């Protein structure tokens with residue numbers, strides 16, 4: 001005699017379809033109980049929608065912060081790039097000045 005769930009294995013054993021139906025019914029019952037518990041705790045359908053909206057706003061806020069951080073990093077990188085270009089220009093100007101005669105009569109650079 002095969003024992004499953006404390007019952008003998010015989011013609012009373014559930015078919016797979018019957019078992020699936022029982023599982024489905026149990027899940028529906030648990031879902032209804034959970035919804036009832038939420039309602040009794042003050043979280044009715046409207047409260048759930050508000051809670052979902054608050055969560056969505058929080059997610060949007062996080063995305064915005066991430067976008068701001070990325071933008072700041074890009075701005076900082078571009079600022080460093082501009083500073084490097086300015087430094088190269090100053091170095092090139094210094095080379096030009098140093099290669100010109102001291103009193104050439106034609107002021108190229110001031």
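The values are calculated or read from the model by the stated rules, or taken from the named source; none is laboratory data. Quick caveat, the model's predicted, so the values are computed rather than measured. Quick reminder, even Gly has a Cβ in these numbers, built from the backbone with ideal geometry, and neighbours come from all protein chains shown.
Look through 14, 38 and report the one residue that is surrounded by 10 or more Cβ atoms within 10 Å (Cβ to Cβ), at pLDDT below 95 and not in a helix (DSSP H, G or I).
After applying the criteria, what remains is 14.
For the stretch 18-30, check the following and say yes or no: at least one residue is exposed (fewer than 10 other Cβ atoms within 10 Å of the Cβ), at pLDDT below 85, in a helix (DSSP H, G or I) and more than 28 Å from the chain's Cα centre (by Cα).
Within the stretch 18-30 (the criterion being exposed (fewer than 10 other Cβ atoms within 10 Å of the Cβ), at pLDDT below 85, in a helix (DSSP H, G or I) and more than 28 Å from the chain's Cα centre (by Cα)), the answer is no, since none of the residues qualifies.
Give the stretch 73-107 a look and list any residue that's at pLDDT below 90 and either exposed (fewer than 10 other Cβ atoms within 10 Å of the Cβ) or not in a loop (DSSP other than H, G, I, E, B) (or both), or say none.
If the condition is that a residue be at pLDDT below 90 and either exposed (fewer than 10 other Cβ atoms within 10 Å of the Cβ) or not in a loop (DSSP other than H, G, I, E, B) (or both), then 101, 102, 103, 104, 105, 106, 107 are the ones that fit.
Among 55, 110, which is surrounded by 10 or more Cβ atoms within 10 Å (Cβ to Cβ) and modelled with pLDDT under 95?
Values: 110 fails: surrounded by 10 or more Cβ atoms within 10 Å (Cβ to Cβ).
Unique residue meeting the criteria: 55.
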